[in-house]
Every structure is written in structure tokens, then in C-alpha cells.
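Below is one structure, written out as C-alpha cells, with a few remarks after it.
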Amino acid sequence: MKHARTTRGFTLIEVLAALLILSLLALMSYRGLGAVLDAREHVRLETDKWRRVAVFFTRFERDVQLAAPRPVRTAGGIAPPWRGQATVTPDTQLEFSRFASSEGVDSARRIGYRLNDKQEIELWLWPGLDIAPDARPARYTVLSGVAKFELQYLNPSLVWADAWPASPADVSLPLAVRLRVVLASNEEIVRVFALKS
């Protein structure tokens with residue numbers, strides 16, 4: 001006597017249940033992958049932002065370290081070696097004479113920093129130390145996304161001043177400069193740089 005072998009397949013309900021489970025797993029995987037990709041992009045943007053901030057502070061520190069106690073001749077007369085303005089003007093907020101770097105990649109020149117109306121800190125570079133009557137500085141954006149750019153200067157009495165020099169006849173450099181930057185994303189960075197004078 002032969003036994004009849006019955007083959008049994010999946011019922012429609014079992015197939016639909018399996019498809020439902022697989023679609024839920026796929027949806028959870030998609031959302032998880034999306035969260036990982038979003039986190040990766042956020043980390044990349046934050047890393048790029050802080051890298052640009054670090055490059056700016058490195059540049060600013062190098063320029064300040066090379067500050068020269070040399071007044072400059074301009075079309076309007078003699079300008080002090082270091083001029084920091086407390087109020088925002090179309091000119092630079094900070095302007096000073098700088099020696100050439102020891103690497104020999106740049107020359108002694110007059111440089112300046114200012115925050116423009118596009119929330120960018122600009123670096124102004126004049127061709128040399130003395131400024132010809134029609135000389136215009138080259139302007140470069142060194143940091144963008146900046147809400148505030150504030151500077152203070154340490155005088156010989158060890159008091160922070162908002163402007164430098166205190167008198168037009170003063171040709172000395174401050175002992176240090178305190179830089180406060182508030183980024184558009186509300187992070188605040190305060191750094192103090194000593195001058196080699």
C-alpha cells in the first residue's frame with residue numbers, strides 16, 4: 001500500500017504576514033540608514049566649521065605675533081603702528097604694521113581685519129607698509145558665519161581698552177589683544193594673544 005504524500009505550501013495569509021514583516025524591517029532599516037547619513041552630514045558640517053575657525057585663529061595669531069612697532073605714511077599723514085577702533089566703520093576694526101614672516105613667504109606690510117555686513121571677517125592686505133594715496137587693499141574673507149567680532153587691547157596698566165592707541169601720539173603696541181568671536185550658530189570663542197614687543 002502506497003502512502004499518499006501531501007505537499008503543503010504557504011497559505012495566502014502566511015505569505016501576506018511575511019511580506020508585512022519584511023516591509024516593516026525594510027522601513028526600519030531605511031529610517032536607521034537615513035539617521036546615520038544625517039548624523040554623518042551634521043558631523044561633516046561641524047568639522048568643516050571648526051576647521052575654518054581654527055585656521056582663522058591660527059592666521060590671526062601669526063599676524064599679531066609679527067606686529068611691528070612702525071608707524072606708516074599715508075595720504076593723510078602718519079598712522080600709528082597699531083590702530084584698533086571700538087566702533088564699526090567702513091574701514092578696518094583693527095589695522096597694524098606687520099613684519100615679514102621668518103619663512104620668507106610674505107613681506108612686511110600693513111594689514112587689517114574687519115567684520116563686513118555679510119557676517120564675514122575680512123583680511124585687508126596693503127602692498128607694503130607705507131600706503132600710497134590711491135592704494136587699495138586686497139580683501140579676503142577669512143571666516144564666514146560670524147555674528148560678532150570684538151577686540152580689546154591690554155595697556156601697560158594691565159587694563160583692557162576698547163580702542164588703541166589711547167592718544168594719537170602713542171606709537172606703542174598693546175601688550176595683548178583679546179578677540180571675541182560669536183558665530184552665527186551662537187557659539188562664542190574668546191582668545192587672548194600676547195604681542196612680541
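Just so you know, all these numbers are worked out from the coordinates, no wet-lab data involved. Just so you know, these numbers come straight off a predicted model, no measurement behind them. All Cβ positions, glycine included, derive from the backbone under ideal geometry; neighbour counts span all protein chains shown.
Taking all Cα-Cα distances within segment 61-144, those exceeding 21 Å account for 25%. Our helix-only sum for the chain, with -39,500 (n - 2.57) per DSSP H run of n ≥ 4 divided by its residues, gives a mean residue ellipticity at 222 nm of -10500 deg cm²/dmol. Compared with the dominant Cα axis of the chain, that is its longest principal axis, helix 12-65 is turned about 10°.
Across segment 174-183, coupling constants 3J(HN,Hα) worked out from phi with the 6.51/-1.76/1.60 Karplus curve, θ = phi - 60°, read x, 6, 7, 10, 9, 10, 10, 10, 10, 6 Hz, and Gly and Pro carry x. Given +1 at the Cβ of Lys and Arg, -1 at the Cβ of Asp and Glu and no other charges, the dipole of segment 61-144 around its Cα centre is 180 debye to the nearest 20. The GNM of the chain, with springs linking C-alpha atoms under 10 angstrom apart, assigns the highest mean-square fluctuation among THR11, THR141, THR87 to THR11. Take each peptide in 40-47, 189-196, 143-150, 109-116, count the other Cβ atoms within 10 Å of every residue, and average; sorted highest first, the result is 109-116, 143-150, 189-196, 40-47. Taking other residues whose beta carbon is less than 12 angstrom from the beta carbon of GLU188, and scoring Lys, Arg as +1 and Asp, Glu as -1, yields +1. For the chain, the number of Lys pairs with C-alpha atoms closer than 27 Å, counting only pairs eight or more positions apart or on separate chains, is 4. ALA176 sits among other residues whose Cβ lies under 12 Å from its own Cβ, and their net charge, with Lys and Arg +1 and Asp and Glu -1, is +2. Taking Cα centre as origin and charging only the Cβ of basic (Lys, Arg, +1) and acidic (Asp, Glu, -1) residues, the dipole magnitude of the chain rounds to 820 debye. Match the structure shown to one of the listed values (1) 47; (2) 43; (3) 54 of percent of Cα pairs over 24 Å apart, computed from it, and give that label. Here percent of Cα pairs over 24 Å apart agrees with entry (3). Since only TYR30, LEU154, LEU19 are under comparison, the one whose Cα sits farthest along the positive direction of the charge dipole of the chain, derived from C-beta charges on Lys, Arg, Asp and Glu, is LEU19.
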